[in-house]
């Protein structure tokens, strides 16, 4: 007899899951049907547990790698910001560009890979749906999403803008699986909003410069 893990619907359509023993997979499926269940997932229990362990190991490895990359980016950024300590304003796009942290925006969309470009297009469309013609450019790079806007963005309330930015950085994290990432919002070369996502605590931190 072998152990099998199943997921199934019962007679009223509720999802059920569990384990049962049977000589083979076919017999396990028949047994579930005798119980009045309609299985949509049926797998050897030990193989299934092994697969889960492999996925968890991969997820942790990605978190570690992503965290290391994010730490290096943050370290470089922190070193750069030290020189601006005490100033009333954050660095401008030009000042960020001179350090290599940001590339100068020379087009509506700046991205290095097809996946990043597609995400940038989606971000542009989403923001445009909330505030038409408010976005001048989108830059997708590594663990940083940068959105350049114009004064039309102020048609949104501060609360709505923070919600939109927070949802955007969460979508960015889900798409690329980064352990940590950030969204920077610029208006007329000046940073007006920053949202940081921490994958370990699954929390966001919002800092407004307006």
TODO: May I ask you to order 160-172, 137-149 by the average number of other C-beta atoms within 10 Å around their residues, highest value first?
DONE: 137-149, 160-172
- [ ] Averaging sequence separations of C-alpha pairs under 8 Å and six or more residues apart, then dividing by the length of segment 126-210, give the relative contact order as a whole percent.
- [x] 24
- [ ] Multiply the residue gap between residue 202 and residue 27 by 0.36 nm, knock off their C-alpha separation, and tell me the result in nm, one decimal place.
- [x] 58.8 nm
- [ ] Pop the C-beta distance of residue 115 and residue 170 into the FRET formula with R0 = 25 Å and round what comes out to the nearest 0.05.
- [x] 0.90
Task: Prolate/oblate/rounded label for segment 2-49 (Cα gyration tensor, a/c 1.5) - done: oblate
Open item on the list: Along the Cα→Cβ direction, 7 angstrom out, place labels at residue 12 and residue 122. What is the inter-label distance in nm?
Closed with: 3.6
Task: Three-way shape label, segment 104-210, alpha-carbon gyration tensor, a/c 1.5 - done: oblate
Task: Cα centroid separation, segment 112-134 to segment 152-210 (Å) - done: 14
TODO: Report the calculated FRET efficiency for residue 129 and residue 158 (r = Cβ-Cβ distance, R0 = 30 Å), to the nearest 0.05.
DONE: 0.95
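Read the figures in this text as sums done on the coordinates, not as results from a lab. For clarity, every value in this text was computed on a predicted model and none was experimentally measured. Virtual Cβ from ideal backbone geometry, glycine too; neighbours counted across all protein chains shown.
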